[in-house]
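The values are calculated or read from the model by the stated rules, or taken from the named source; none is laboratory data. It should be emphasised that the depicted structure is a prediction, and the values quoted were computed from it without experimental measurement. Ideal geometry is used to build each Cβ from the backbone, glycine not excepted, and the neighbour counts take in all protein chains shown.
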Amino acid sequence: MPLARRPHHYLRDFWTFVKPYRKPLREVYLLYFLNSVLNLLPPLSVRYYIDLLFHNAAVTVCGITLPSLAQRSLSAKLLFTAVFVGTMIALIIVANTIGVIMWRRGTRSVERMVMDIKLKIHHHINKLSLGYFNSERIGTIMTKAVGDVQNISQLLRNSFNLTYAVIQFLLAPILIAMLSPLLLVIVLIPAPLIGYAFYAMRTRLRPMYRVQREHESAIASQIQEVISGIREIKAFNMEERSHSQYRDINRRYYRMQNEIMRVFSFNHQLQYGARDLGVILVAALGGVCALLDWSNITVGKITACIALSSYLYNPISQFLSFYDTVQRGMVSLERVIDFLNEEPDVRDDRHALTLDVRATRGAVSFRDVSFSYDGRSLVLKNITFDVAPGERIAIVGPSGSGKSTLISLLLRFYDVSTGQILLDGRDIRTFTQVSLRMAAGIVFQETFLFYGTIRDNLLFVNPTKTEADMYEACKAANIHDFILTLPRRYDTVVGERGVTLSGGQKQRLALARVFLKDPPIVILDEATSAVDTKTEQLIQEGIERMLKNRTAFIIAHRLSTIKHCDRIIVLSHGTLAEMGTHDQLYAQRGIYFDLCEHNKL
Ligand SMILES: Nc1ncnc2c1ncn2[C@@H]1O[C@H](COP(=O)(O)OP(=O)(O)OP(=O)(O)O)[C@@H](O)[C@H]1O
Ligand SMILES: [Mg+2]
């Protein structure tokens, strides 16, 4: 878990995404400024238009004193009106053309920035160690990668409108004060109501948004679990239980959303009421001042002030509606940045070497290796053994004794807690993870096939291999004939998790994948457990060929497979209990003997 971070840390990290686009963004913000100033000119001009037409005194516009038209002929007034409208239309066209340019440029930069964030998240998911995925639910990671990014994108897009609103909010009172400071005071009378609305928003809504985001993650996780575990849910009649859990979490979400909307709508209406009150006060109190000829207030000034007051109050209403987006966006930004700051447990050393896979002999040594997943209970304890290049080692032991864990340490899916694992005499932590994993081919206990064709699922492991090599590998794994029976043969798309293939077929594809990878070290974790004995005999020859001159670790339950190994390691409760050949261990009459006798092998 990252340490508690402060807002400026988040902004600093976020800046790394903004930085590449700072030049276009600067231009966009400048255009927004220009646009908002231009938009304020028409309401301001109304004052001059009205006062010139209806007020008997001369009017000063930008230092130029213009005589009143109040006493002139109707046609002069109409001509003036036509010129005024024409000028305003021209102004509006210019302002909106600028608006289109800034909008297009702004969204382009934002979309690119969002794409950068998405790519960074994907890259980071690949970089994180397996330990992270054990402790974090998939739905939560998905929500960060999809939903939170969406919120950030909305925040960025709205940041332009926000800039626009801020500029108008700052300029409108200045322009009103220039008309008449007294009118500004009047228009601001309802401001404390808005101040209160903001305060309530700030203090109450933000924590609510954070909780809401967690509910959203839990909802996504629940859906993900239903989909992944649909077989188990049906088999154990868990539909009702799963549904009631989902209902509970959705109810919590609903209640929180209601609460958010309650605070939100109250504040929203408060601010609308304040705006209307401001307009009424300007009209009424301003009108009284004009009647009494106080403070030089004219009808034109009152009209302009009413028009400008919407530029003062509308941004406030926008701030309040942006508040939702901004709060969501900020919470999402924090979550995404925290995620990106999550350090992988297994890291390449700064001076890590690239293992030369071709020159790897495959001598493996475990030196007093202990390991714990959670930092508390040890799953492997003081394991020490040496494997010579080309030796074939069987790893046996009861379920949960640590067999799969042992080999996952060899590939640095996790790093040892204490002790050392050596490859050709060097600690495996001195190699880059990528090069180390190139040296080993593994068939996992559970085979995962990527969504794509069978060909894609095979050839990606080794781009140097040809189509002919692929057929060869599939023949050795005794899966070639089966593939030929499929309608599209090697172009058959296997489902998201290879669901169209049986467990044994998937295992044989996984074996073919290792044949193709052609690595100096081979690891088979129950690689033929889902294959029937007859088929296993058929692939045995292929496996034999593959294992020739390679160091191999074979986890198996079948005596037939184990007997072919040079040495057997017996694990029991995470310790290395026995080691030797089949005959030696059998004669010892220990754990191995028991496993054999009770048909557990
Ligand atoms: N990702 C994990 N996080 C925490 N604990 C784990 C994890 N994987 C395995 N364990 C624990 O470590 C112990 C050893 O598990 P491991 O998978 O290595 O056993 P195994 O010998 O391969 O068993 P099996 O024959 O059933 O495959 C078990 O007690 C298991 O609960
Ligand atoms: Mg296992």
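The listed residues are L524, L501, L511, and the only one of them that is closer than 27 Å to S399 by Cβ, within 16 Å of ligand 2 (Cβ to nearest atom) and within 39 Å of the chain's Cα centre (by Cα) turns out to be L524.
All of (1) within 16 Å of ligand 1 (Cβ to nearest atom); (2) of a type outside the set (D, E); (3) modelled with pLDDT of 80 or more hold for L601 with one exception: (3).
Here is the figure for the stretch 378-412: residues that are outside any strand (DSSP E or B), out of contact with any Asp or Glu (no Cβ under 7 Å at 6 or more places or on another chain) and of a type outside the set (V, I, T) total 17. Remark: pairs (first residue in the stretch 391-411, β-branched (V, I, T); second residue within 6 Å of ligand 1 (Cβ to nearest atom); Cβ separation under 6 Å; 6+ apart in sequence or on different chains) = I395/K403; T405/V379.
In the stretch 327-345, what residues are at pLDDT 85 or above, assigned to a helix (DSSP H, G or I) and not small (G, A, S)? Talk me through it step by step, then tell me what you get.
So in the stretch 327-345, the residues at pLDDT 85 or above come out as 329-345.
If we keep only those that are assigned to a helix (DSSP H, G or I) too, we end up with 329-340.
M330, V331, L333, E334, R335, V336, I337, D338, F339, L340, listed by residue number.
Within the stretch 326-350, the set of residues being closer than 22 Å to T163 by Cα and either in contact with a Leu (Cβ under 7 Å, 6 or more places away or on another chain) or of a type in the set (A, V, I, L, M) (or both) comprises V326, Q327, G329, M330, V331, L333. Would you confirm whether or not the stretch 422-441 contains a residue that is closer than 11 Å to F553 by Cα, crowded, with 16+ Cβ neighbours inside 10 Å and away from ligand 2 (no atom under 16 Å from the Cβ)? Yes, the stretch 422-441 has at least one match.
One residue alone among V522, V531 is modelled with pLDDT of 85 or more and surrounded by 15 or more Cβ atoms within 10 Å (Cβ to Cβ), and that residue is V522. For R247, the conditions (1) under 29 Å from the mean Cα position of the chain (by Cα); (2) surrounded by 15 or more Cβ atoms within 10 Å (Cβ to Cβ); (3) part of a helix (DSSP H, G or I) all hold with the exception of (2).
If the requirement is being over 30 Å from Y311 (Cβ atoms) and surrounded by fewer than 16 Cβ atoms within 10 Å (Cβ to Cβ), which of these qualifies: I223, I219? Break it down into steps so the answer makes sense when it comes.
Numbers: I219 fails: surrounded by fewer than 16 Cβ atoms within 10 Å (Cβ to Cβ).
Selected residue: I223, the only one of I223, I219 that is over 30 Å from Y311 (Cβ atoms) and surrounded by fewer than 16 Cβ atoms within 10 Å (Cβ to Cβ).
What about N35, is it surrounded by 12 or more Cβ atoms within 10 Å (Cβ to Cβ), under 38 Å from the mean Cα position of the chain (by Cα) and either aliphatic (A, V, I, L, M) or more than 21 Å from E111 (Cβ to Cβ) (or both)? Against the criterion (surrounded by 12 or more Cβ atoms within 10 Å (Cβ to Cβ), under 38 Å from the mean Cα position of the chain (by Cα) and either aliphatic (A, V, I, L, M) or more than 21 Å from E111 (Cβ to Cβ) (or both)), N35 does not qualify.
Going residue by residue through the stretch 377-387, is there one that turns out to be away from ligand 2 (no atom under 16 Å from the Cβ) and hydroxyl-bearing (S, T, Y)?
Going through the stretch 377-387, the residues away from ligand 2 (no atom under 16 Å from the Cβ) turn out to be 377-378, 381-382, 384-387.
Filter once more, so that each one left must be hydroxyl-bearing (S, T, Y): 377, 384.
Checking the stretch 377-387: at least one residue is away from ligand 2 (no atom under 16 Å from the Cβ) and hydroxyl-bearing (S, T, Y).
Within the stretch 160-212, the set of residues being among the polar types (S, T, N, Q) and free of Cβ contacts under 8 Å to residues at least 24 places away in the same chain comprises just one member, T203.
Can you give me the number of residues within the stretch 560-583 that are of a type in the set (S, T, N, Q) and away from ligand 1 (no atom under 16 Å from the Cβ)? Explain how you work it out, then say what you get.
Going residue by residue through the stretch 560-583, those that are of a type in the set (S, T, N, Q) are 560-561, 572, 575, 581.
This time we only want the ones that are away from ligand 1 (no atom under 16 Å from the Cβ), so: 560, 581.
So the answer is 2.
If you go through the stretch 386-403 and keep only what is within 16 Å of ligand 1 (Cβ to nearest atom), modelled with pLDDT of 90 or more and surrounded by fewer than 18 Cβ atoms within 10 Å (Cβ to Cβ), you end up with just G400. When the residues of the stretch 337-385 are filtered to those that are touching a residue at least 12 places away in the same chain (Cβ under 8 Å) and hydroxyl-bearing (S, T, Y), the one that is surrounded by the fewest Cβ atoms within 10 Å (Cβ to Cβ) is T354. The sole residue among I233, I223, I260 that is in a helix (DSSP H, G or I), touching an Asp or Glu at 6+ places or on another chain (Cβ under 7 Å) and among the β-branched types (V, I, T) is I233. Cβ-Cβ distances below 7 Å connect the following pairs, each with a first residue in the stretch 82-109 that is over 24 Å from L25 (Cα atoms), a second residue that is aromatic (F, W, Y), and a separation of six or more residues or different chains: F84/Y49.
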